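Trainee: Quick one: the structure is below, and I'll ask about it shortly.
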Amino acid sequence: MEKRRYKALIAGQTYTIVGSRSEQHLDAVTALVNQQLHQLGELAPELSVADRCVLMALNAVSDQLVQEQRIVELEQQLQAQSSSPEVAPTNPRKKGEQVPFSRER
């Protein structure tokens, strides 16, 4: 896949994101991150931007683990229902696979 550079403005700071995702995808991600940072700032104005980012990261990883477990459960259900032993569940993300974004300084 072709790597692209994308400039994202997050909490007033510009980041260059290198990845293979589309500009539309990265626009949506950036908008959602800014929206959630803003909401956290309204709920807890005493938190710094850095603290809000850490909370968002913890929530995102927690949600990811829940979704990955759900995928495993659904794959196990499909495998149990399958009459063909040739059908094997697929793992959407291999263990240790890197996140498709990286921050460049």
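The values are calculated or read from the model by the stated rules, or taken from the named source; none is laboratory data. Treat the numbers as computed from the prediction; the structure is a model and nothing was measured. Ideal geometry is used to build each Cβ from the backbone, glycine not excepted, and the neighbour counts take in all protein chains shown.
Trainee: Right, LEU32: in contact with a Phe, Trp or Tyr (Cβ under 6 Å, 6 or more places away or on another chain), at pLDDT 95 or above and under 25 Å from MET1 (Cα atoms) or not? Walk me through it before giving the result.
Mentor: Details: in contact with a Phe, Trp or Tyr (Cβ under 6 Å, 6 or more places away or on another chain): no; at pLDDT 95 or above: yes; under 25 Å from MET1 (Cα atoms): yes.
Taking the combined requirement at face value, the residue does not satisfy it.
Trainee: Another question about this same structure. What residue, among those in segment 21-48 that are surrounded by 13 or more Cβ atoms within 10 Å (Cβ to Cβ) and of a type in the set (S, T, N, Q), is nearest to the chain's Cα centre (by Cα)?
Mentor: So the residue we want is THR30.
Trainee: On to the next question. If PRO89 satisfies every condition in (1) modelled with pLDDT under 95; (2) out of contact with any helix residue (DSSP H, G or I) (no Cβ under 6 Å at 6 or more places or on another chain) but one, which is the exception?
Mentor: (2)
Trainee: Is there a residue being surrounded by 12 or more Cβ atoms within 10 Å (Cβ to Cβ), in a helix (DSSP H, G or I) and at pLDDT 95 or above anywhere in segment 61-69?
Mentor: Step one: list which residues in segment 61-69 are surrounded by 12 or more Cβ atoms within 10 Å (Cβ to Cβ), which gives 64, 68.
Okay, now just the ones that are also in a helix (DSSP H, G or I), so 64, 68.
Those still in the list that are at pLDDT 95 or above too: 64, 68.
Yes, because at least one residue in segment 61-69 is surrounded by 12 or more Cβ atoms within 10 Å (Cβ to Cβ), in a helix (DSSP H, G or I) and at pLDDT 95 or above.
Trainee: Cβ-Cβ below 9 Å, separation at least six or inter-chain, first residue in segment 56-76 and closer than 23 Å to VAL29 by Cα and touching a residue at least 12 places away in the same chain (Cβ under 8 Å), second among the β-branched types (Val, Ile, Thr) and surrounded by 10 or more Cβ atoms within 10 Å (Cβ to Cβ): which pairs?
Mentor: MET56/VAL33
Trainee: Whether any residue in segment 79-86 is at pLDDT below 95 and closer than 17 Å to ALA8 by Cα is what I want to check. Before you say what the answer is, go through the steps one by one.
Mentor: Initially, segment 79-86 is screened for residues at pLDDT below 95, giving 79-86.
Checking which are closer than 17 Å to ALA8 by Cα leaves us with none.
No, because not a single residue in segment 79-86 is at pLDDT below 95 and closer than 17 Å to ALA8 by Cα.
Trainee: Scanning for something surrounded by 12 or more Cβ atoms within 10 Å (Cβ to Cβ), in a helix (DSSP H, G or I) and modelled with pLDDT of 95 or more, does segment 2-17 turn up at least one residue? Give the derivation first.
Mentor: To start, the set of residues in segment 2-17 that are surrounded by 12 or more Cβ atoms within 10 Å (Cβ to Cβ) comprises 4, 6, 8, 10-11, 15-17.
With in a helix (DSSP H, G or I) added as a condition, the list becomes none.
Scanning segment 2-17, I find no residue that is surrounded by 12 or more Cβ atoms within 10 Å (Cβ to Cβ), in a helix (DSSP H, G or I) and modelled with pLDDT of 95 or more, so the answer is no.
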